[in-house]
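In what follows, a single structure is set out as structure tokens and then discussed.
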Amino acid sequence: MDFTYAPAPESRSILDLKATYGLFIDGEFVDGHGTPFKTISPATEEVLAEVAEASDADVDAAVRAARRAHTRVWSRMPGSERAKYLYRIARIIQERSRELAVLESLDNGKPIKESRDVDVPIVAAHFFYYAGWADKLEHSGYGTTPLGVAGQIIPWNFPLLMLAWKIAPALACGNTVVLKPAETTPLTALLFAEICQQADLPPGVVNIVTGAGATGQALVAHGDVDKVAFTGSTAVGKAIARAVAGTSKKVTLELGGKAANIVFDDAPIDQAVEGIVNGIFFNQGHVCCAGSRLLVQESIAEELLAKLRTRMGTLRVGDPLDKNTDVGAINSAEQLQRIRELSDIGEQEGAGRWSPPCDLPERGFWFPPTIFTGVTQAHRIAREEIFGPVLSVLTFRTPSEAIEKANNTPYGLSAGVWTEKGSLILHVASRLQAGVVWANTFNKFDPTSPFGGYKESGQGREGGRHGLSAYLKGGDL
Ligand code: NAP
Ligand code: MG
């Protein structure tokens, strides 16, 4: 029988999208004093809403609100009481999970099956996990004294998940926060603000200031911020490190990556192919820890690449709200331009480019799943972060060559190792300069597990007990 593909779009009717959104300061939505900007759906270029831009004065108002809430309420509240708010927020996230997933997919372009099954459940899990720590900080190893007011800046690739990674541990430790989401994906942070209201979180504990880079800069520069937590590009991370140098502000930086996914000749090959696909095509490759360099042992390269091409041919690219979609839209025209440029450079440098045949929608920002073979260490596509659905394939002969190639990068966020031999996993993993090494799997995230980078991938850890160190005074002892 001939089965034809029928789209299965998730309904948008659950959303109560507003035409305009204000800033969330001191428990209320207020007008901004900057120039409002539009956020669009990158899959259709439809304008979703107009969002307030926080001026320097608005950022100041948010920091003041956070300071008041910290001094008068949040830092005085017993941990067991703070935990109740965090549990309540976690439960509301679960209750409103469909709404959050639909909004995330609309504003960001990621497939609904990822926002629904990965992002939002892990967001709730982070709040549950850190709620559990709030009254047990004396066992953290970092003391129980919060830093104060945290200024937090996040990127567009996992808007709600990065918000959870920042806000949940900060609040559990007794800090208050001012968070700036990315300009292209502000909407789920504003829905989260509504959730804070619904949870009766005391005003000023969480403040959301929307805007672009200048708003982030104002938050970093503010004199009454005790802590800056940033996730984003290495270039902006370096600028932030320079801006806080010489001040008493503490800083954590989660930056870029160029992870090696290393496949040895004894690896379960079909499982490895799934891991490679997940490693680079999950979230359109807009993943700081994406397995963007495939290092495959020479003896199995041909067989593995044939299977990978076949598997890539089955990926569905298209409407992020379609439940069948595997690869959604590229987040912005600027990001698409960057991916195109680097890919064209890969071709000019002599690497072999391949994508499966696929029809891309006419409107919106799209890039087909792509692999480059014959890549060498000197190629820019082997060294620079593409941050899109583009895989560079290199080969190796021995474990030491694989380790050397994997470490030959300024980054050090993550890596994958595929082999049946446990001893080889330990041998390789202990020599890789990467914050996270996955064995026979990839892109697994859990709130109990610390995540963070070596070298230019940043400093500090998020998640797990280690994640508390970023928000407690004893954290750098
Ligand atoms: P980005 O340009 O560095 O932006 C990140 C955030 O910083 C955004 O909210 C951005 O605002 C803001 N920003 C820009 N300039 C700033 C400045 N001078 N001062 C303060 N804030 C400023 O990064 P992106 O291109 O959006 O995000 C992708 C990058 O994030 C990739 O390199 C990726 O590897 C990295 N990333 C790392 C992790 C990790 O955990 N290590 C996780 C996710 C992403 P606007 O965007 O509104 O302009
Ligand atoms: Mg958007």
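What is the percent carbon and sulfur in the accessible area of the chain, measuring with a 1.4 Å probe over the protein chains and ignoring ligands?
On the way: 9230 of 18340 Å².
C and S atoms contribute 50 percent here.
Treating cross-link reach as a plain straight distance, find the aspartates and glutamates whose alpha-carbon is under 13 Å from the alpha-carbon of Lys38, omitting any fewer than eight places away in the same chain.
Candidates past the 8-residue exclusion: Glu46, Glu50, Glu53, Asp107, Glu183.
Could you state how much accessible area Asp446 has, in square angstrom rounded to the nearest 10, with a 1.4 Å probe and all protein chains kept in place?
80 Å²
How high is the FRET efficiency from Ala8 to Thr310, r the C-beta distance, R0 22 Å, rounded to 0.05?
On the way: r = 24 Å, r/R0 = 1.09.
Here the calculated transfer efficiency is 0.35.
What are the ³J(HN,Hα) couplings of region 123-136, residue after residue, when phi is run through the Karplus curve with 6.51, -1.76, 1.60 and θ = phi - 60°? Round to Hz, x for glycine and proline.
After applying 6.51 cos²θ - 1.76 cosθ + 1.60, I find 4, 4, 4, 5, 5, 4, 4, 6, 4, x, 7, 3, 9, 10 Hz.
Label 7 Å along Cα→Cβ of Asp31; region 44-78 residues with amide nitrogen under 13 Å?
Under 13 Å, as judged by backbone N against the label point of Asp31, lie 52-53 of region 44-78.
Averaging sequence separations of C-alpha pairs under 8 Å and six or more residues apart, then dividing by the length of the chain, give the relative contact order as a whole percent. Present the calculation step by step, with values, prior to reporting the outcome.
Working: 1106 pairs, mean separation 87.2, N = 477.
Contact order relative to length: 18 percent.
Could you work out how much longer the chain between Thr441 and Gln337 gets when fully extended? Use 0.36 nm per residue separation minus the Cα distance between them, nm to one decimal. The partial results should precede the final answer.
Details: separation 104, 0.36 × 104 = 37.44 nm, distance 3.07 nm.
So the chain would gain 34.4 nm between Thr441 and Gln337.
So for the pair Asp359, Gln459, with labels modelled 7 Å out along Cα→Cβ, what separation do we get in nm?
Using points 7 Å along Cα→Cβ, the separation is 5.3 nm.
Just to be sure I follow the definition: excluding the sites themselves, where is the longest run in the chain that has none of the GluC sites (Glu not before Pro) in a DSSP loop with at most 16 other Cβ atoms within 10 Å? Walk me through the intermediate numbers first.
On the way: sites that count: Glu45, Glu46, Glu349, Glu362, Glu420.
The longest such stretch corresponds to 47-348.
With a 1.4 Å probe and all protein chains left in place, how much accessible area per residue does region 64-162 have, in Å²?
Values: 3530 Å² over 99 residues.
It amounts to 36 Å² per residue over region 64-162.
From the residues Ile300, Gly412, Pro368, which one has its Cα farthest along the dipole of region 260-447 in the positive direction, the dipole being from +1 and -1 charges on Cβ of Lys/Arg and Asp/Glu about the Cα centre?
Checked the options; the winner is Gly412.
Each label point is 7 Å from the Cα along the Cα-to-Cβ direction; what then is the distance between the points at Leu15 and Val47, in nm?
Between Leu15 and Val47, the simple spin-label model gives 1.5 nm.
Kindly flag which residue pairs out of Lys113/Lys258; Lys258/Lys444; Lys180/Lys258; Lys84/Lys455; Lys18/Lys258 have an alpha-carbon separation exceeding 27 Å in this structure. List each step's numbers first, then the result.
On the way: Lys113/Lys258 25 Å; Lys258/Lys444 17 Å; Lys180/Lys258 25 Å; Lys84/Lys455 38 Å; Lys18/Lys258 38 Å.
Beyond 27 Å: Lys84/Lys455; Lys18/Lys258.
With a sphere of radius 14 Å drawn around the Cβ of Glu50, what net charge do the other residues whose Cβ falls strictly inside it have (Lys, Arg +1; Asp, Glu -1)? Show your work: numbers first, answer last.
Values: positive: Lys18, Lys38; negative: Asp31, Glu46, Glu53, Asp107, Glu183.
Net local charge, Glu50 excluded: -3.
I need the chymotrypsin sites (Phe, Trp or Tyr not before Pro) found in region 1-70, filtered to DSSP loop residues with at most 15 other beta carbons within 10 Å of theirs. Before the final figure, lay out each step's value.
Working: sites: Phe3, Tyr5, Tyr21, Phe24, Phe29, Phe37; in loops: Phe3, Tyr5.
Passing sites in region 1-70 are Phe3, Tyr5.
Express in whole angstrom the spacing between the alpha-carbon centres of region 12-76 and region 150-188.
If you average the Cα positions of each part, the centres end up 12 Å apart.
Roughly how far apart, in whole Å, are the Cα centres of region 349-407 and region 412-454?
Comparing the Cα centres of region 349-407 and region 412-454, I get a distance of 20 Å.
Can you give the charge dipole size of the chain about its Cα centre, rounded to the nearest 20 debye, using +1 on the beta carbon of Lys and Arg and -1 on the beta carbon of Asp and Glu? Write out the running numbers ahead of the final one.
Working: 47 positive and 55 negative charges, 289 e Å.
Here the size comes out at about 1380 debye.
Which is farthest toward the positive dipole end of the chain among Pro357, Leu472, Ile269, measuring Cα position about the Cα centre, with Cβ charges +1 (Lys, Arg) and -1 (Asp, Glu)?
Positive-most Cα among the choices belongs to Leu472.
The values are calculated or read from the model by the stated rules, or taken from the named source; none is laboratory data. Nothing here was measured: the structure is a model prediction, and the numbers come from that model. We place every Cβ from the backbone using ideal geometry, glycine too, and count neighbours over all the protein chains shown. Ligands, DNA and RNA are excluded from the accessible area calculation, which covers all protein heavy atoms including side chains. Shrake-Rupley method; radii C 1.70, N 1.55, O 1.52, S 1.80 Å.
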